[in-house]
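Engineer: Dropping the structure in here first, questions after.
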Amino acid sequence: MTEIAHNMQAHWPWFWPLIVFIFGACVGSFLNVCVYRIAAGKSIVRPGSTCACGKPIRFYDNIPILSWFILRGKARCCKRPFSIRYPLVEALTGLLFLLIYWQYPLGAAAALWIFAALLIVGTFIDIDTMQLPDVVTVGGTFLGVALSFALPQLHGVAGSDIFIVNAIRSVTLSVLGIVVGSGVIVWIREGAQFIMRREAMGYGDIVLMGMIGAFCGWQGALFAIFGGSILGAAVMIPLVALRALKKGEGQNAAALRNIEVPFGPWLSLGALLYIVCLRAPVDAYFLNLSELLFP
Ligand SMILES: [Zn+2]
């Protein structure tokens, strides 16, 4: 078996990456269904895929990414338009699965695929409804702890030959991540509420940071908060200001202050950046910082 895998690697280096991307795109297709059905409070397993007109969608019209382009974004049954978001979520999931697959041992990659899927579902539900459902974030946090136990590579723990030692170390890092992630966001929320005199972020963001900490550890949680906030501010402040200017509300500071923007998607983006490309520099930064502070 390993010889076959080795030969595959030598002769068709694109074979496994392609399989991973297709697998990710299929998962993305399911995530689209999850976003829609969780937001609407429906079961995610039953019934099978149906069009909004009630007709079932045939499997050949349900091919991730491709079907949308073949059907030119319209349902075959009733020509109802489908959002470009569906193929985009499928492509995004495929791409994230591939980036994770390239950088992590298979056990850690599998856990991070689940994490990425949870972040995608949470993000799009948050964008659609301004709510983060507990089934995603609280469920995801407990799942993160369980996966940290079963797959210690998730936190880079491989120091001992005895599985249970690695598992306990990994769970400790996961729980520390939950406490740091949720704890820091609680105090940022309190501080922002004190200064702005209104609710600055939701309860959902606190639990979301628990999930991010459970999978990424404390370094990843801190990066998600600070990296995500900087990214969010860099994109949202000009957008919100522009929108206010267009409406002629530029001088009205109160109107600017009252615009609601979901914070969760930016935390999720920070967490995804950490796991796919910034883990090494962020961890090195915190190590240097701790040596500088406590020599
Ligand atoms: Zn239809």
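The numbers here are math on the coordinates, done by the rules we state, and not lab data. It should be emphasised that the depicted structure is a prediction, and the values quoted were computed from it without experimental measurement. Here Cβ is always computed from backbone atoms with ideal geometry, including for glycine, and neighbour counts include all displayed protein chains.
Engineer: Take the Cα pairs of the chain, get the Kirkwood Rh, then feed it into Stokes-Einstein at 10 °C and 1.306 mPa s and tell me D in µm²/s.
Structural biologist: For these conditions, the coefficient is 75 µm²/s.
Engineer: Can you pull a Stokes-Einstein diffusion coefficient for segment 1-103 at 20 °C (1.002 mPa s), Rh from Kirkwood over Cα pairs, as a whole number of µm²/s?
Structural biologist: 141
Engineer: Can you tell me which lysines have their Cα less than 25 Å from the Cα of Lys42? Leave out same-chain residues fewer than eight positions away.
Structural biologist: Once the sequence-local lysines are set aside, what remains near Lys42 is Lys55, Lys74, Lys79.
Engineer: With charges only on Cβ, +1 for K and R and -1 for D and E, what is the dipole size of segment 106-295 about its Cα centre, in debye, rounded to 20? Walk me through the numbers before you get to the answer.
Structural biologist: Details: 9 positive and 11 negative charges, 88 e Å.
I would put it at about 420 debye.
Engineer: Looking at the calculated P(r) for segment 96-204, what percent of the C-alpha pair distances fall above 21 Å?
Structural biologist: Details: 2821 of 5886 pairs.
More than 21 Å apart: 48 percent of the Cα pairs in segment 96-204.
Engineer: Just to check I understand the Karplus step: with θ = phi - 60° and J = 6.51 cos²θ - 1.76 cosθ + 1.60, what whole-Hz values come out for segment 173-188, glycine and proline as x?
Structural biologist: 5, 5, 5, 4, x, 4, 5, 5, x, 5, x, 5, 5, 4, 6, 5
Engineer: Given the DSSP H assignment, sum -39500 (n - 2.57) over each helix run of at least 4 residues in the chain and divide by its residue total; what's the result at 222 nm in deg cm²/dmol, nearest 500? Please report the intermediate quantities before stating the final value.
Structural biologist: Working: 11 runs with 208 residues, N = 295.
That calculation yields -24000 deg cm²/dmol at 222 nm.
Engineer: Provide the per-residue ³J(HN,Hα) series for segment 202-213, in order, calculated from phi with Karplus coefficients 6.51, -1.76, 1.60 and θ = phi - 60°, each as a whole number of Hz, with x at glycine and proline positions.
Structural biologist: Once rounded to whole Hz, the list reads x, 4, x, 5, 5, 6, 4, 5, x, 4, 4, x.
Engineer: Could you give P(r) for segment 48-164, binned at 5 Å from zero, as whole percent values over all Cα-Cα pairs?
Structural biologist: 2, 10, 15, 15, 16, 15, 11, 7, 5, 2, 1, 1
Engineer: So how do 126-139, 201-214, 151-164 stack up, highest first, on mean other-Cβ count within 10 Å?
Structural biologist: Output ranking for 126-139, 201-214, 151-164: 201-214, 126-139, 151-164.
Engineer: Rounded to the nearest 0.05, what FRET efficiency do Leu245 and Cys78 have when you use their Cβ-Cβ distance and R0 = 30 Å?
Structural biologist: Values: r = 40 Å, r/R0 = 1.35.
E between Leu245 and Cys78, to the nearest 0.05, is 0.15.
Engineer: DSSP loop trypsin sites (Lys or Arg not before Pro) in segment 51-143 with at most 13 other Cβ atoms within 10 Å of their Cβ, which ones?
Structural biologist: In loop regions of segment 51-143 (DSSP not H, G, I, E or B), the sparsely surrounded trypsin sites (Lys or Arg not before Pro) are Arg58, Arg72, Lys79.
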